[in-house]
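Bear in mind that the values in this text are calculations on the coordinates, not laboratory data. These numbers come from a predicted model, not from an experiment. Note: ideal-geometry Cβ built from the backbone for every residue, glycine included; neighbour counts use all protein chains shown.
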């Protein structure tokens with residue numbers, strides 16, 4: 001049995017303008033000790049998926065239907081007492097911006113200890129020792145001294161290390177990292193990713209890495225989900241997604257990033273803008289931006305089809321090119 005099982009998840013936000021269908025029927029599994037990457041541009045539903053798992057949606061957000069099971073325990077519909085035990089103890093999250101995630105009026109030590117005291121049975125002395133231990137684990141120098149400092153006294157990279165320490169303090173089964181290196185320069189980013197890789201191997205936890213950066217995915221992830229307009233357009237192992245992309249959106253993402261072989265040629269950005277989630281089209285949501293779009297793409301949405309046992313995609317081009325049958329392409 002998978003550690004985390006998500007099935008046909010639908011999450012919406014209800015606004016004055018109407019219902020924003022942010023997540024539209026996604027399904028995936030996360031196994032013990034594995035790293036799952038969720039990739040897509042801003043507004044594709046990556047973060048909302050994570051917040052749905054944690055059930056920390058904004059006031060206007062609601063899980064409409066679907067199932068989220070953690071070790072077989074259903075979380076959709078679970079009361080707040082159950083979710084308080086899950087958050088921090090079983091599943092932890094690192095948010096995008098550590099400066100806004102950390103309280104500027106409290107010391108780093110106080111905030112780390114608060115998380116430990118809330119989710120474990122440790123006393124204050126044990127919580128202090130655990131906080132220092134976690135700062136050492138994430139390579140923060142002079143941890144005892146740092147415990148007395150405030151977030152503004154830390155660099156961006158050091159603040160992110162503190163957030164990782166806080167997330168790992170209670171030894172969760174799953175760590176959700178929501179764009180953890182977005183605001184950092186490439187050198188610090190590389191250090192943070194290397195740190196997460198080392199800690200993941202040491203502790204053996206599972207990770208959900210949410211990012212728009214395919215380079216991050218290549219370094220860390222075992223499996224990858226590519227999201228567009230709240231749905232999964234392609235899913236498979238990292239090798240399959242990188243070396244055999246089978247959805248036109250995934251191919252567009254690949255063409256838009258620099259590689260060692262792209263010197264001397266212009267990168268090809270994906271034209272157009274993301275779809276309006278208030279007015280979802282009848283057919284493929286990527287069709288208005290797709291250079292290869294056919295009439296059927298506008299008319300009808302392709303269903304998920306197996307390319308092989310490690311790879312699935314929902315794209316009519318796979319039917320046209322004979323990669324999947326018409327029946328399998330719209331099963």
task = Please report, in Å, the Rg and the Dmax of region 38-111, where both are computed over Cα atoms only.
result = 14.4, 41
Beta bridges per DSSP with both ends in region 174-274, % antiparallel, nearest 5 = 55 percent
request  = Take peptides 286-294, 57-65 and line them up by average Cβ neighbours within 10 Å, highest first, as a rough protection proxy.
outcome  = 286-294, 57-65
request  = Quick one: work out the % antiparallel among DSSP beta bridges in the chain, nearest 5.
outcome  = 65 percent
key: Inter-probe distance in nm under a simple model that places probes 7 Å from Cα toward Cβ, at residue 106 and residue 276   = 4.3 nm
message = Per 0.36 nm of contour for each residue apart, how much would the distance between residue 256 and residue 120 grow if the chain were fully extended, relative to their Cα-Cα spacing?
response = 44.4 nm
key: Per-pair calculated FRET efficiency, R0 = 56 Å: residue 266 and residue 67 via Cβ, rounded to 0.05   = 0.80
ask   = What translational diffusion coefficient, in µm²/s and rounded to a whole number, does the Stokes-Einstein relation yield for region 115-266 at 37 °C and a viscosity of 0.692 mPa s, taking the hydrodynamic radius as the Kirkwood radius over Cα pairs?
value = 187 µm²/s
ask   = Convex hull over the Cα atoms of region 250-321, averaged projected area in nm²?
value = 6.3 nm²
request  = Principal axes first, then extents: for the Cα atoms of region 88-159, list largest minus smallest coordinate on each axis, whole Å, largest first.
outcome  = 31, 26, 23
task = Stick to the Cα atoms of region 73-127, pair each with every other, and give me the Kirkwood hydrodynamic radius in Å at one decimal.
result = 13.0 Å
key: Average silhouette area of region 1-46, convex hull of alpha-carbon atoms, in square nanometres   = 3.9 nm²
query = At what distance in nm do the modelled label points of residue 320 and residue 1 sit from each other, each positioned 7 Å from its Cα along Cα→Cβ?
reply = 4.4 nm
message = Suppose we keep just the DSSP beta bridges with both residues in region 9-120; what percent of those would be antiparallel, to 5?
response = 95 percent
request  = Can you tell me the equivalent ellipsoid semi-axes for the chain? Use √(5λ) from the Cα gyration tensor, largest first, whole Å.
outcome  = 37, 22, 18
query = Computed on alpha carbon atoms, what radius of gyration and Dmax characterise region 102-204, expressed in Å?
reply = 13.0, 39
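Full-extension gain between residue 155 and residue 133, please, as 0.36 nm times their residue separation minus the C-alpha to C-alpha distance.
Extra length available between residue 155 and residue 133 comes to 5.9 nm.
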message = What percent of all Cα-Cα pairs in region 178-331 falls into each 10 Å bin, going from 0 up to the bin containing the maximum distance?
response = 10, 35, 34, 17, 4, 0
key: Cα extents of region 1-139 along the three principal axes, largest first (Å)   = 48, 38, 29
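Given the Cα-Cα distance of residue 17 and residue 218 and 0.36 nm per residue of separation, how much length would full extension add, in nm?
68.5 nm
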